[in-house]
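The values are calculated or read from the model by the stated rules, or taken from the named source; none is laboratory data. Everything numeric here is computed off the predicted structure, so don't read it as measured data. Note: ideal-geometry Cβ built from the backbone for every residue, glycine included; neighbour counts use all protein chains shown.
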Amino acid sequence: MDRREFLKTAIGMMAAAPALTDRSIAEASTRRSEDVDGPATLKKAIILDMLPERPTLEERFALARNLGFHGLEVRPADDLALARRMREVAQKTGIVLHSVMYGGWHAPLSSPDKSTAEKGADEVRNALKFAKEVGADGVLLVPAVVNEHVRYVEAYERSQRYLKQLAKQAEELRVRILVENVWNNFLLSPLEFARYIDEIKSPWVQAYFDVGNVLAFGWPEDWIRTLGKRIKKVHLKDFKKGPRQFVHLREGDVNWREVLKALREIGYTGYLTAELRGGGEEYLRDLSLRMDTIIRGTDTD
């Protein structure tokens, strides 16, 4: 399945967040979250697709900022004029478009079909250009998929070969390619993930770490400590090991205290981007507060 179908299937099982009973308290708490711990504080972000539809970009971006989010992750498009427009609106509303979610499931660099792999490489190049125009400093990439038709070693070698080429353009544009750990039967341990990144030998190819994705076969705090400075961005999801399903933040088996401790140990002060289902204002306000709880280290669940 592709990334969108994976997320739709997994996240669709999450229970809806409970409505807040005191809106004024929630708003005050959200405003306070923007100033906690000064400029080195971990920054909260969501994916643009999670926001409810509004007539204009200005309204959608302003909504995210008013809910306490500092950044947005957007999907790439061929229209660079749109990217420039988005950047202008973001600057006007005081929110940062920090990342571009390209993906790569549909045309993995590991494909044995050269035309498919080349298509994927071209789309990564376009995503890098879009990120440059929109003001983002990273592009999320799923570089390979291992299945009954693609051996692990083939996926490893093919995708690395392309990434070494793509790293040159990433450096020219000053936009990182960030490899994410997903359920693609690839990079199944933090040691291998670290080695995979290091072998490319470019500071412009690094890691986008997803907290929830490793719960099925590992511990995120261990991965964080092993990957260390290679981690340039972080996705937040939660996961229940028993039923093997994604759930709302702080309702699964992620040990958020240990995750936060590990992030502090490696000196991470970047964006934490929630990758969940979308919803209305109350749902997103509650999500913002849950992220505050995680960041402050006051999670006792």
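Can you pull out the strands (runs of 3 or more DSSP E) entirely within region 148-253 that have at least 2 residues that are within 24 Å of residue 266 (Cβ to Cβ)?
Working: elements: 176-180, 205-210, 231-236, 238-240, 245-247.
Because the criterion is at least 2 residues that are within 24 Å of residue 266 (Cβ to Cβ), the strands (runs of 3 or more DSSP E) in region 148-253 that meet it are 176-180, 205-210, 231-236, 238-240.
Look at residue 257 and say whether it is within 20 Å of residue 218 (Cβ to Cβ), surrounded by fewer than 20 Cβ atoms within 10 Å (Cβ to Cβ), over 19 Å from the mean Cα position of the chain (by Cα) and at pLDDT below 95. Against the criterion (within 20 Å of residue 218 (Cβ to Cβ), surrounded by fewer than 20 Cβ atoms within 10 Å (Cβ to Cβ), over 19 Å from the mean Cα position of the chain (by Cα) and at pLDDT below 95), residue 257 does not qualify.
On inspection, residue 236 does not qualify as within 19 Å of residue 186 (Cα to Cα) and buried (at least 20 other Cβ atoms within 10 Å of the Cβ). Here residue 10 meets each of (1) modelled with pLDDT under 95; (2) touching a strand residue (DSSP E or B) at 6+ places or on another chain (Cβ under 9 Å); (3) part of a loop (DSSP other than H, G, I, E, B); (4) of a type outside the set (D, E, K, R) with one exception, condition (3). The number of residues in region 91-100 that are surrounded by 13 or more Cβ atoms within 10 Å (Cβ to Cβ) and part of a helix (DSSP H, G or I) comes to 2. Across region 205-254, the number of residues qualifying as of a type outside the set (A, V, I, L, M, F, W, C) and over 14 Å from the mean Cα position of the chain (by Cα) comes to 20.
Only one entry in 178, 109 is surrounded by 15 or more Cβ atoms within 10 Å (Cβ to Cβ), within 26 Å of residue 231 (Cβ to Cβ) and in contact with a helix residue (DSSP H, G or I) (Cβ under 6 Å, 6 or more places away or on another chain), namely 109. Do we find a residue being assigned to a helix (DSSP H, G or I) and basic (Lys, Arg) anywhere in region 292-301? Yes: region 292-301 contains one or more residues that are assigned to a helix (DSSP H, G or I) and basic (Lys, Arg). The set of residues from region 153-178 being more than 18 Å from residue 140 (Cβ to Cβ) and either among the β-branched types (Val, Ile, Thr) or touching a His at 6+ places or on another chain (Cβ under 8 Å) (or both) comprises just one member, 153. Of all residues in region 65-90, how many are touching a residue at least 60 places away in the same chain (Cβ under 8 Å) and either part of a loop (DSSP other than H, G, I, E, B) or not β-branched (Val, Ile, Thr) (or both)? Within region 65-90, residues that are touching a residue at least 60 places away in the same chain (Cβ under 8 Å) and either part of a loop (DSSP other than H, G, I, E, B) or not β-branched (Val, Ile, Thr) (or both) number 7. Of everything listed in (1) of a type in the set (Lys, Arg); (2) in a helix (DSSP H, G or I); (3) out of contact with any Lys or Arg (no Cβ under 8 Å at 6 or more places or on another chain), the single unmet condition for residue 277 is (2).
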